[in-house]
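Since the structure comes first, as structure tokens, the remarks are kept for the end.
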Amino acid sequence: MKTNAELQKDVQDAIQWEPLLYSTEIGVVVNNGIVSLTGNVDSYAKKLQAEHAAKNITGVRVLVDDIKVKLPDPRSKTDVEIAGEIIAAFKANSFIPEEKITVKVENGWVDLDGEVSWEYLRDITENAVKYLPGVKGIYNNIIINPEVQNTVEKSDIEKALDRSSIDNSEINVSVSGTTVTLTGTVHTWHQKEEAERIVWKTPGIQDVKNELAVDYEYDL
């Protein structure tokens, strides 16, 4: 078990351990497993890296990310310049179905809309944008429209979770048409995200509702 102070120290150390973040000043506040991150960074990629570092710490039950992206003047770009770089990034990646994606940029914030056939394509599309200079944040509204019209079988998903390294003994799977819902508990945030990642590999699904709770006992 960890105290609030021990969890705070672990999260702070994890953030400082990241090469992108070692010189940043990110505040960490902890209350019974609820971790709040505050401060300013000069790129969206750093904001995501801080969030990822915190999620990987055992004991983090809920993450509140209040980190702001504030670009220094030399790195600021116009929305038109950002849009042009996004188009170039899409063209450089043959996996991105650019003809199915629409992009809007407003004050450095990028809206992605459209539809793709697999979740990994949605991720690849977002990854192509999040490291571009000038981007302050991303709204990924891309929906999944599977080309494979398979019947989604609960047993197939459960077997996939059984094959994984996560402890799925307290994970419940329910299927309604093309939507899969995960309920129950896991012991780390990493397990929560990994369970969802595995489910998204199921042919034919359009949506995953990850309602897993992260259960951890704290020394209060």
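All of the numbers you see were taken from the coordinates with simple rules; none came from a lab. From a predicted model like this one, the values you see are computed outputs, not experimental measurements. Positions of Cβ are generated from backbone atoms using ideal geometry, with glycine treated the same way; all protein chains shown enter the neighbour counts.
Points worth noting:
- Here region 79-144 is described by how far its Cα atoms reach on the three principal axes: 29, 22, 18 Å, from widest to narrowest.
- Under 5 Å from the amide H of Gly184 lie the amide H atoms of Asn172, Ala213, each residue being 5 or more positions distant or on a separate chain, with H modelled from the backbone and absent for Pro and chain starts.
- Of the GluC sites (Glu not before Pro) in region 1-91, the ones in a loop by DSSP (not H, G, I, E or B) with at most 10 other beta carbons within 10 Å are Glu25.
- Amide H contacts under 5 Å for Thr3: Asp219, restricted to partners 5 or more places along the chain or on a different chain, H placed in the peptide plane at 1.01 Å from N.
- Rel. contact order, % - alpha carbon contacts under 8 angstrom, at least six apart, the chain: 20 percent
- ³J(HN,Hα) computed for each position of region 82-93 - Karplus, 6.51 cos²θ - 1.76 cosθ + 1.60, integer Hz, glycine/proline x: 4, 4, x, 5, 5, 4, 5, 5, 5, 5, 7, 10
- Antiparallel beta bridges, as assigned by DSSP with both residues in the chain, represent about 45 percent of the total such bridges.
- The 3J(HN,Hα) values that the Karplus relation (6.51, -1.76, 1.60; θ = phi - 60°) gives for region 196-211 are, in residue order, 5, 4, 5, 4, 5, 6, 5, x, x, 7, 10, 8, 10, 9, 8, 9 Hz. Gly and Pro appear as x.
- Beta bridges by DSSP in region 4-69, antiparallel share as percent, to the nearest 5: 45 percent
- Cα gyration tensor category, rounded, prolate or oblate, for region 92-220 with a/c compared to 1.5: oblate
- Computed from the Cβ-Cβ distance with R0 of 41 Å, the FRET efficiency linking Ile143 to Ala5 stands at 0.45.
- Distant-in-sequence amide H partners of Val60 (H built 1.01 Å from N, under 5 Å): Trp189
- Förster radius 30 Å - calculated FRET efficiency between Ser23 and Lys209, Cβ distance, rounded to 0.05: 0.20
- Rounded FRET efficiency, nearest 0.05, which uses the C-beta distance separating Asn32 from Thr183 and R0 of 22 Å: 0.50
- Computed over the Cα atoms of the chain, pair by distinct pair, the Kirkwood hydrodynamic radius stands at 19.2 angstrom.
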